[in-house]
Amino acid sequence: FIAPDFYKLDLSDIPIMIGSFILGPVAGGIMELVKNLIHLAITRTGGVGELANFAIGCAFVIPASLIYKYKKTVHGAIVGLAVSILCMAVVGGLMNYFVMLPLYGVDDKMCAGMGKAISNLIVDRKTLVLFSVVPFNAIKGFIDAFITLLVYKRLSEFIKKHI
C-alpha cells in the first residue's frame, strides 16, 4: 500500500460528515471531539493520535458542511467534499510532519526505513509525508466523500421524515 502499516483507513468520519450536513459545521466539530475523547479513553497513544485525528477530521468535516450549509444541493455537497479532501490531505501532512512523527520520536532514518517498502523516493520525514501521508489522506478523504455521497441523501430524507 502507499503508507506504513500504522496508518489505518478509518471510516468513522462518514457518519460525522452526514451528521454535520444535517446539523451544521459546529456539530461536526463537536462530534469529532467526542469521537476522539472516547478513543483517547481506550487507547495508549498518549493523545498524540487523537489530537491529529481531531485536526484531520475537522479539516474534512467542517469545510464541506460549511459549504453545504449555504448551498444545499448535490453540487454544493460535491464542491464541499472536494474542498474537504484537499484540506484533509494538507492538514494530515502538516500534522504528521510537525506533530505526530516528532512526538513519536520518528527521525529521518526511521522514515526512510518505513518508506523503503513503499517507494525509493522516500528518504526522510519530508518525503514520507509528501509521497505517503498526503496521498493516503487524499485517498481516505475520497473514499469517505464517495460513501457519504452514496448514503447521505437517502439517510437525510429518512431522518427528516421521522424526526
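Conditions first: (1) among the aliphatic types (A, V, I, L, M); (2) in a helix (DSSP H, G or I); (3) surrounded by 18 or more Cβ atoms within 10 Å (Cβ to Cβ). Residue 130 passes all but one, so which condition is the exception?
Condition (3) is where residue 130 drops out.
Filter region 93-124 down to the residues that are of a type in the set (Ser, Thr, Tyr) and assigned to a loop (DSSP other than H, G, I, E, B), then identify the one that is farthest from the chain's Cα centre (by Cα). Quick ask: steps written out before the conclusion?
So the first thing to find is which residues in region 93-124 are of a type in the set (Ser, Thr, Tyr), and the list is 97, 104, 119.
Keeping just the survivors that are assigned to a loop (DSSP other than H, G, I, E, B) gives 104, 119.
Working: 104: 19, 119: 23 Å.
Across region 93-124, the extreme among qualifying residues is 119.
Determine, yes or no, whether residue 90 is out of contact with any Pro (no Cβ under 6 Å at 6 or more places or on another chain), within 13 Å of residue 2 (Cβ to Cβ) and in a helix (DSSP H, G or I).
Values: out of contact with any Pro (no Cβ under 6 Å at 6 or more places or on another chain): yes; within 13 Å of residue 2 (Cβ to Cβ): no; in a helix (DSSP H, G or I): yes.
No.
Within region 47-65, work out how many residues are more than 15 Å from residue 137 (Cβ to Cβ) and either surrounded by 20 or more Cβ atoms within 10 Å (Cβ to Cβ) or free of Cβ contacts under 8 Å to residues at least 40 places away in the same chain (or both).
Residues in region 47-65 being more than 15 Å from residue 137 (Cβ to Cβ) and either surrounded by 20 or more Cβ atoms within 10 Å (Cβ to Cβ) or free of Cβ contacts under 8 Å to residues at least 40 places away in the same chain (or both): 4 in total.
Which of (1) buried (at least 16 other Cβ atoms within 10 Å of the Cβ); (2) within 22 Å of residue 18 (Cα to Cα); (3) within 16 Å of the chain's Cα centre (by Cα) is the odd one out, the single condition residue 146 does not satisfy?
The number of the failed condition is (1).
Hey, can you tell me all the residues within region 1-57 that are farther than 28 Å from residue 158 by Cα, over 13 Å from the mean Cα position of the chain (by Cα) and not β-branched (Val, Ile, Thr)?
First, the residues of region 1-57 that are farther than 28 Å from residue 158 by Cα: 1-8, 37, 39-56.
So of that shortlist, the ones also over 13 Å from the mean Cα position of the chain (by Cα) come out as 1-6, 37, 39-48.
1, 3, 4, 5, 6, 37, 39, 40, 41, 44, 46, 47 - these are the residues of region 1-57 that are farther than 28 Å from residue 158 by Cα, over 13 Å from the mean Cα position of the chain (by Cα) and not β-branched (Val, Ile, Thr).
Does residue 117 qualify as being modelled with pLDDT of 95 or more and among the aliphatic types (A, V, I, L, M)? Explain how you work it out, then say what you get.
Values: modelled with pLDDT of 95 or more: no; among the aliphatic types (A, V, I, L, M): yes.
In short, no.
The values are calculated or read from the model by the stated rules, or taken from the named source; none is laboratory data. Note that this is a predicted model, so its numbers are computed, not measured. Don't worry about glycine lacking a Cβ; one is built from the backbone with ideal geometry, like all the others, and counts go over all protein chains shown.
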